[in-house]
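Taking it in order: structure first as structure tokens, then the write-up.
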Amino acid sequence: MEIPGGSKKPDAFLIWSAGAVIAAIFALGVADSFSEIFCIFAALALAAVFSLWFLAQAILGAFDLSRKKWRRLASLCVILGGVYFGGIPFWCASATAGDYIHLLVYYPLYRAQIHAAGEEKIASFYWGGTGFVGTAQSDRTLVYDASGEFGRSVGTAKTEFGKKEIWHLIGNFYLVVDWIY
């Protein structure tokens, strides 16, 4: 492809494309903290967009191969390998970041409800759940505890029907995830 002025388009790595894939995976992970139903639809939409993107890149890769644009072809392979090997761990990390973003977005609402109920009381806020009974169902609850009682039980504990995980977020806020097997 020629650029006006007679010079050819340089052979370069596809940095913007890698950035778009990383942003899409991060957005999906953050959306998971807000709503699991939205996350399912977002994952399907992301899979459809990624499939179309992959098809387009495969066609462009064939043209790059015929034009000997090795950097563009190598960057496509690196991006696909990164998505294949790093997509799930990066999504999990972005889901953890999503918990903090979720708390930050709704913090004024939570503080108002805590203040109305009394600062010394324990307050809980339902954060959704996933799965069906028998398929690793989870229920997520944000807990505000000014006394620090939850702080002594941070970690993972077995329960009668599965396990309970308690994570400290910020200040007196804790995320409690009940897994039912």
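The values are calculated or read from the model by the stated rules, or taken from the named source; none is laboratory data. All values reported here derive from a predicted model rather than from experimental measurement. When we count neighbours, we look across all protein chains shown, and the Cβ atoms used for this are built from the backbone with ideal geometry, even at glycine.
Enumerate the pairs (first residue in the range 52-67 and surrounded by fewer than 15 Cβ atoms within 10 Å (Cβ to Cβ); second residue anywhere and not acidic (Asp, Glu)) with beta-carbon separation below 7 Å, excluding pairs fewer than 6 apart on the same chain, so at least 6 apart or on different chains.
Leu65/Leu73
Select from the range 144-168 the residues that are touching a strand residue (DSSP E or B) at 6+ places or on another chain (Cβ under 8 Å), closer than 26 Å to Arg111 by Cβ and among the hydrophobic types (A, V, I, L, M, F, W, C) and list them in ascending order.
Listed by number, the residues that qualify are Phe150, Val154, Ile166, Trp167.
Looking for whichever is touching a Gly at 6+ places or on another chain (Cβ under 9 Å), in a helix (DSSP H, G or I), under 17 Å from Ser17 (Cα atoms) and not hydroxyl-bearing (Ser, Thr, Tyr) here; the options are Phe54, Phe90, Phe50. Which one fits?
When all the criteria are applied, what remains is Phe90.
Looking at the range 89-100, is at least one residue of a type in the set (Asp, Glu) and closer than 28 Å to Ala146 by Cα?
For the range 89-100, residues of a type in the set (Asp, Glu) and closer than 28 Å to Ala146 by Cα: present.
Scan the range 1-27 for residues that are under 19 Å from Phe90 (Cβ atoms) and either over 11 Å from the mean Cα position of the chain (by Cα) or at pLDDT below 75 (or both) and jot them down.
Leu14, Ile15, Trp16, Ser17, Ala18, Gly19, Ala20, Val21, listed by residue number.
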